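Below is one structure; the comments refer to it alone.
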Amino acid sequence: MDSILVRGGRRLKGRIPISGAKNACLALMPAALLTDEPLTLTNAPRLSDIRTMSVLLESLGCEVASLQAGRVLVVGAQTIASHVADYDIVRKMRASILVLGPMLARDGRAVVSLPGGCAIGARPVDLHLMGLERLGAELELRDGYVHAQAPGGLKGAVVEFPIVSVGATENLLMAATLARGTTVLVNAAREPEIVDLARCLRAMGARIEGEGTGRIEIEGVARLRGATHPVVADRIELGTYMLAPAIAGGEVELVGGRRELVAAFADKLEAAGATLEDTEAGLKVSRGNGRIGAVDVETAPFPGFPTDLQAQMMALLTLAEGVSHLEERIFENRFMHAPELTRMGARIEVHGGAATVTGVERLRGARVMATDLRASVSLILAGLAAEGETRVARVYHLDRGYERVEEKLSACGAEIERVSERAA
Ligand code: UD1
C-alpha cells in the first residue's frame, strides 16, 4: 500500500491544471444507459472511482472505451445485457446507485444492491427510492437489493424532496428524461454537477428546464441519442488546490478554475487572508507572510460552503490566528480528520456536528492516516505547512478522487512523493 510523504515548509509557486469533476463524471457515465448510441465524455478525470463505474457499467453489458490515456471515455449501451448491479461493485462506491434510474427508465427493470454504510455517516438512499416510486416504479427490498420494476414505463410526476440530495436529484433527472409526461423536481440540488448532467442530457435530446435552481422541469421524450460532452471542472479539486498556497504561502494559478464554482468557499478564503485574482487561464491564489485569520464555516448544499471542502478548510484554520468554528450540516460523522490533525499539533475540539479550532503557530509533521477521500487530502495540505515530515498512509482513498496529487503539487515546488509501504 502506498503512502504520501510531504516535507513541509516550502512556499509554492506555479500552475495546477484542474481536472474534470469526479462527481460529475460519475453521474454522466450512467446517463449512457439511457440510449443505445454511444456517449462520449471528454475531459474525464483519471481516478479509481471512474474505473469502478466503468467496471459496473461493463457488468451491465456496456462497452466502455478509455481513449487518450483516460481523458476521453466512450460508453456504449447498445443493449443492457444484465440489469443487476452487484453488491461487490456497489459496496465500493455509493455513486453506483445512479444506474438505477436510467435502467428503470429505459427497460422498466433494475436490481441494484443497496450501498450499505459509509465512513462519513449513514447516507441512506430513501430519497432516490421515494422519487422513483413517485414516477410509478414498483420497488421491493430483498436480500440487500432494490428490485425495481415499471412494466408500463415510468410516468412523469411532481417529486418534492424533503432535503436536498445531489444523488437523488441526479437519479430522478435521468429517469424522468424517458418518462411519459412532465416531471417536476422540487427542492432539487443546484450543484454544478447537476447543471452539467442536465446539459449532457439535453445534448442527448432530453427536454429539461431549470437546472441550477431548486425546481427542475423535465418533459419526457420517447428516446435519447448519443452525444459528446465535456465534463465540468472539478470544484472540489479546485478548492483543495486553492488552499495549498493559502496554507503553505506563495502563489498558484489554478488553470481551468472559475470562482463561481466555489463562490462561498472563495469568500471564506479571502476572509481568512488569501488573495484571489481571476486570470485568463483560471484563478490565482496567493498569500504573503502574514498569518491566516480565523473564520467560521457552516457547510450547506450549493451554493453554500461544500461539505467536501470542510476537512481541507479545517487544515488551514489549524494555523489561523484566533478561534474558528466549523459546523457540518450535511453528514453527521465527518470530522475524522480532526484527531489526525491533532497528532500534528492542531488544537481541535469536536462536539457532535461542530468543531472548534484554536489556531496554533505551527504544525509538526507526523505519521497520519487517511480515513476518507477529503480527510486524506486535508492531511497533505497540513503537511505542506508543517515542520518536518508528514507521512499520510492509506492513500487509496486519495486515488479515488485526486489525480496525480503529488505531481501537481511538486510542480509548484512542494516536496512531496509517493512511497510504497515496503520502502516506508
Ligand atoms: C454527493 C457527492 C459527495 C458530496 C455530497 C454532498 C457524488 C458522487 N458524491 O453525494 O461527494 O459530499 O453529494 O454534497 O456526487 N440523504 C438521505 N437520503 C437519500 C440521499 C441522501 O437522507 O436518499 C442525505 C445524506 O445522508 C446526506 C444528505 O442527504 O445527509 C445529502 O446527501 P447527498 O446530497 O445525497 O449526497 P450524495 O449524492 O451521496
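A few points about this structure:
- Residue list for the range 274-314, filter: small (Gly, Ala, Ser), more than 16 Å from the ligand (Cβ to nearest atom) and in contact (Cβ under 8 Å) with a residue 24 or more places away in the chain: 274, 281, 282, 286, 288, 293, 294
- Residues being under 24 Å from the mean Cα position of the chain (by Cα), surrounded by 18 or more Cβ atoms within 10 Å (Cβ to Cβ) and not β-branched (Val, Ile, Thr) - total across the range 124-146: 5
- All positions within the range 394-424 that are of a type in the set (A, V, I, L, M) and buried (at least 20 other Cβ atoms within 10 Å of the Cβ): 395, 398, 405, 409, 414, 416
- In the range 61-100, the residues that are crowded, with 23+ Cβ neighbours inside 10 Å and not in a helix (DSSP H, G or I): 62, 73, 75, 77, 85
- Residue list for the range 101-118, restricted to those being outside any helix (DSSP H, G or I) and out of contact with any strand residue (DSSP E or B) (no Cβ under 9 Å at 6 or more places or on another chain): 115, 116, 117, 118
- Those residues of the range 334-379 which are modelled with pLDDT of 95 or more, aliphatic (A, V, I, L, M) and within 16 Å of the ligand (Cβ to nearest atom), in sequence order: 354, 377
- Some residue of the range 239-249 being within 16 Å of the ligand (Cβ to nearest atom) and in contact with a Phe, Trp or Tyr (Cβ under 9 Å, 6 or more places away or on another chain): yes
- The range 285-317, residues that are closer than 24 Å to residue 14 by Cβ, surrounded by 24 or more Cβ atoms within 10 Å (Cβ to Cβ) and of a type in the set (S, T, N, Q): 312
- Test result for residue 112, at pLDDT 95 or above, of a type outside the set (Lys, Arg), buried (at least 19 other Cβ atoms within 10 Å of the Cβ) and closer than 30 Å to residue 371 by Cα: yes
- Checklist (1) at pLDDT below 95; (2) under 22 Å from residue 26 (Cα atoms) applied to residue 151, failing item: (2)
- Checking 58, 37 one by one, the residue that is surrounded by fewer than 24 Cβ atoms within 10 Å (Cβ to Cβ), assigned to a helix (DSSP H, G or I) and either modelled with pLDDT under 95 or among the charged types (D, E, K, R) (or both) is 58 and no other.
- Of all the numbered requirements in (1) away from the ligand (no atom under 16 Å from the Cβ); (2) out of contact with any strand residue (DSSP E or B) (no Cβ under 7 Å at 6 or more places or on another chain), residue 323 misses one, and that requirement is (2).
- Residues (assigned to a loop (DSSP other than H, G, I, E, B) and not small (Gly, Ala, Ser)) located in the range 181-217: 187, 190, 191, 204
Residues checked against (1) under 23 Å from residue 402 (Cα atoms); (2) hydroxyl-bearing (Ser, Thr, Tyr):
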{"site": "54", "(1), (2)": "yes, yes"}
{"site": "64", "(1), (2)": "yes, no"}
{"site": "68", "(1), (2)": "yes, no"}
{"site": "75", "(1), (2)": "yes, no"}
{"site": "79", "(1), (2)": "no, yes"}
{"site": "83", "(1), (2)": "no, no"}
{"site": "86", "(1), (2)": "no, no"}
{"site": "91", "(1), (2)": "yes, no"}
{"site": "94", "(1), (2)": "yes, no"}
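The values are calculated or read from the model by the stated rules, or taken from the named source; none is laboratory data. This structure is a prediction, so every number in the text was calculated from the model and none was measured. Cβ coordinates were reconstructed from backbone atoms using ideal geometry, including for glycine residues, and neighbour counts include every protein chain displayed.
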